[in-house]
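The values are calculated or read from the model by the stated rules, or taken from the named source; none is laboratory data. Nothing here was measured: the structure is a model prediction, and the numbers come from that model. Ideal geometry is used to build each Cβ from the backbone, glycine not excepted, and the neighbour counts take in all protein chains shown.
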Amino acid sequence: MNRAQLAMAYQACEVADLARSAVTLTSPAEARAQAELVVAAAQRLLAAASRLAEPAPYPPVDALQLFAYEHPEEAAADVADWLRSSG
């Protein structure tokens with residue numbers, strides 16, 4: 001998995017975690033706030049996918065994506081752990 005793919009996978013894990021936590025919310029205000037977080041994370045996922053499709057000459061600015069680019073082995077292990085725990 002290259003760094004762009006890893007950054008996208010890392011971002012997808014964040015979207016899934018945020019969406020999963022919305023399932024248990026009962027307060028409409030909390031649900032809306034959580035949905036806004038999910039949408040923002042999904043926008044970052046789209047940016048990561050765009051970077052995968054058309055590599056940019058500059059590094060990502062999102063902290064999760066930047067971590068994946070700078071520490072690919074650790075990020076890959078995190079994604080693998082996430083997949084095991086979510087399966």
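Have a look at E14, E30, E54 and point out the one that is within 13 Å of the chain's Cα centre (by Cα) and of a type in the set (D, E).
On the way: E30 fails: within 13 Å of the chain's Cα centre (by Cα); E54 fails: within 13 Å of the chain's Cα centre (by Cα).
One residue alone meets the criteria, E14.
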Quick test for you: out of L66, L45, L52, pick the one residue that is surrounded by 12 or more Cβ atoms within 10 Å (Cβ to Cβ), of a type outside the set (S, T, Y) and modelled with pLDDT of 95 or more. L45
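If the requirement is being at negative phi, loosely packed, with under 15 Cβ neighbours inside 10 Å and of a type in the set (A, V, I, L, M), which of these qualifies: A33, A19?
Within the list A33, A19, the selection yields A33.
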If the Cβ limit is 6 Å and pairs must be 6+ apart or interchain, which residue in the range 42-67 that is over 24 Å from R20 (Cα atoms) and in a helix (DSSP H, G or I) pairs with which residue that is of a type in the set (A, V, I, L, M, F, W, C) and modelled with pLDDT of 90 or more? R51/A4; L52/A4; L52/M8
